[in-house]
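The values are calculated or read from the model by the stated rules, or taken from the named source; none is laboratory data. Keep in mind that what you see is a predicted model, and the values were worked out from it rather than measured. For neighbour counting, all protein chains shown are included, and Cβ atoms are generated from backbone atoms with ideal geometry for every residue, glycine included.
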Amino acid sequence: MVKYIKADKFYYPYETKLGGYLEVINGSFGKWLSAIPEGAELLDYSGYEIAPGLVDTHIHGFAGADVMDNKEESLATMSKELLAAGVTSFLPTGLTASFETLDNICQTTANFAGKETGARIQGLFFEGPYFTEKYKGAQNPSYMRNPSISELDQWLDSSKGLLKKIAIAPEREGTADFVRYANEKGVVVALGHSDATYQEAVEAVEAGASVWVHAYNGMRGLNHREPGMVGAIYEIPNTYAELICDGYHVHPSACDILLRQKSPEHVALITDCMAAGGQPDGDYMLGEYPVIVENGTARLKSNGALAGSILQLKDAVKNVVDWGIASKAEAIMMASLIPAISVGLADSCGQIKEGHPADFIVLDHDLNLAATYLGGEKKYERAEK
């Protein structure tokens with residue numbers, strides 16, 4: 001079955017095509033054409049723009065559901081409801097917890113993957129437990145420990161290879177050996193929640209770590225005599241910085257500095273969203289911790305610290321454009337292709353490319369989401385006001 005999408009713009013990985021038609025063949029992207037056969041099936045989105053479905057590689061929950069619920073129903077809810085955020089692929093993200101809890105999450109996610117009706121589960125991300133207590137954030141320090149290859153092996157087995165990314169603090173004992181082993185097993189290692197020195201961060205990257213967990217947040221800052229983790233993010237090439245662009249976690253000017261230092265080709269927009277995303281203000285839980293959501297933020301009730309976010313990825317895209325720090329094409333790329341590249345998934349999501357699943361979003365000229373498609377079929381449409 002062949003159909004054609006007409007739109008004002010199509011955001012390809014490294015170019016924007018103006019006008020024309022995008023072919024969809026049996027649920028996969030075909031070619032871009034300047035003309036189509038007479039009488040062909042047409043999806044007319046004149047006045048709109050077509051972008052690849054967004055890829056959220058760091059998301060704990062959404063629409064009242066949380067990965068730490070350890071329930072297939074929660075993953076199903078996230079998958080379905082994330083379509084309204086423009087997300088078509090995601091990595092459910094676990095928090096620091098006991099070995100057994102994380103092992104159970106591996107099993108639950110592996111059992112559910114492939115059954116989702118909305119955004120596709122492309123792998124698992126464990127944000128922890130191998131962190132340092134000083135920069136624990138909204139995570140339980142009693143579970144924080146040194147990295148364990150035997151634990152990783154068991155999680156890979158229980159997840160049926162679905163564990164794609166794991167975060168550690170570089171100053172933890174055994175980091176280099178763990179990073180090398182994880183890479184051999186196809187697991188991307190991210191660095192964060194850390195008081196590491198610049199040199200410790202360099203050594204972790206030399207061992208194979210390649211992603212920085214939510215840049216600026218939960219890490220040693222930049223000092224002119226000890227550049228720290230933030231200095232390492234700026235300075236070390238060929239690494240990918242996650243960035244939360246909600247305007248609360250990182251000042252827009254600091255976001256701008258990061259983009260200038262690393263370029264949009266090495267910044268992955270993420271949400272770090274928790275269960276309250278897409279929900280009304282009120283009381284929620286992030287893992288084991290009570291959280292209050294109000295005024296656009298999620299904060300721990302105990303001390304007022306930021307506890308994840310309620311950011312939707314479509315809004316992060318809009319924010320960086322509205323702040324004047326990225327073009328529309330760059331913003332879309334940072335929320336689709338770059339996250340996919342950062343975790344080795346660019347062959348399955350994050351770009352409009354011939355042969356790829358036709359997962360795409362429809363945007364108006366102000367980057368407001370109008371519709372989300374999976375496999376060439378419309379799965380979400382914004383209600384008209």
Single residue of A370, A346, A326 found to be free of Cβ contacts under 8 Å to residues at least 60 places away in the same chain and either of a type in the set (K, R) or outside any helix (DSSP H, G or I) (or both): A346
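So that you can scan it fast, the table gives a plain yes or no per residue for (1) more than 16 Å from G278 (Cα to Cα); (2) loosely packed, with under 15 Cβ neighbours inside 10 Å; (3) charged (D, E, K, R):
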| site | (1), (2), (3) |
| --- | --- |
| K9 | yes, no, yes |
| Y21 | yes, no, no |
| N26 | yes, yes, no |
| G30 | yes, no, no |
| F62 | no, no, no |
Is the stretch 208-227 home to any residue that is surrounded by 18 or more Cβ atoms within 10 Å (Cβ to Cβ), of a type in the set (G, A, S), part of a helix (DSSP H, G or I) and in contact (Cβ under 8 Å) with a residue 24 or more places away in the chain? no
Under 7 Å by Cβ, and 6 or more places apart or on different chains, what pairs join a residue from the stretch 296-321 that is farther than 30 Å from I50 by Cα and in contact (Cβ under 8 Å) with a residue 24 or more places away in the chain with one that is charged (D, E, K, R) and assigned to a strand (DSSP E or B)? A305/R299; L306/R299; A307/R299
Of all residues in the stretch 228-259 being acidic (D, E) and closer than 17 Å to I332 by Cα, the one that is surrounded by the most Cβ atoms within 10 Å (Cβ to Cβ): E242
Does A119 qualify as being under 24 Å from M78 (Cα atoms), in contact (Cβ under 8 Å) with a residue 40 or more places away in the chain and out of contact with any helix residue (DSSP H, G or I) (no Cβ under 7 Å at 6 or more places or on another chain)? no
I need the full set of residues from the stretch 230-250 which are in contact with a helix residue (DSSP H, G or I) (Cβ under 9 Å, 6 or more places away or on another chain), of a type outside the set (V, I, T) and either not assigned by TED's automatic domain parsing to the domain that holds G304 or not in a helix (DSSP H, G or I) (or both), in order please. P237, N238, Y240, A241, E242, L243, C245, D246, G247
Residues to consider are A276, A316, A298, A331; find the one that is assigned to a strand (DSSP E or B), buried (at least 24 other Cβ atoms within 10 Å of the Cβ) and not assigned by TED's automatic domain parsing to the domain that holds L42. A298
Residues of the stretch 84-100 being hydroxyl-bearing (S, T, Y) and either surrounded by 18 or more Cβ atoms within 10 Å (Cβ to Cβ) or at pLDDT below 95 (or both), which ones? T88, S89, T93, T96
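Residue-by-condition table, conditions (1) touching a residue at least 12 places away in the same chain (Cβ under 8 Å); (2) part of a loop (DSSP other than H, G, I, E, B); (3) under 27 Å from A275 (Cβ atoms); (4) β-branched (V, I, T):
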position: K134; (1), (2), (3), (4): yes, no, yes, no
position: S150; (1), (2), (3), (4): no, no, no, no
position: E173; (1), (2), (3), (4): yes, yes, no, no
position: F178; (1), (2), (3), (4): yes, no, no, no
position: Y181; (1), (2), (3), (4): yes, no, no, no
position: V189; (1), (2), (3), (4): yes, no, yes, yes
position: Q199; (1), (2), (3), (4): no, no, no, no
position: E203; (1), (2), (3), (4): yes, no, no, no
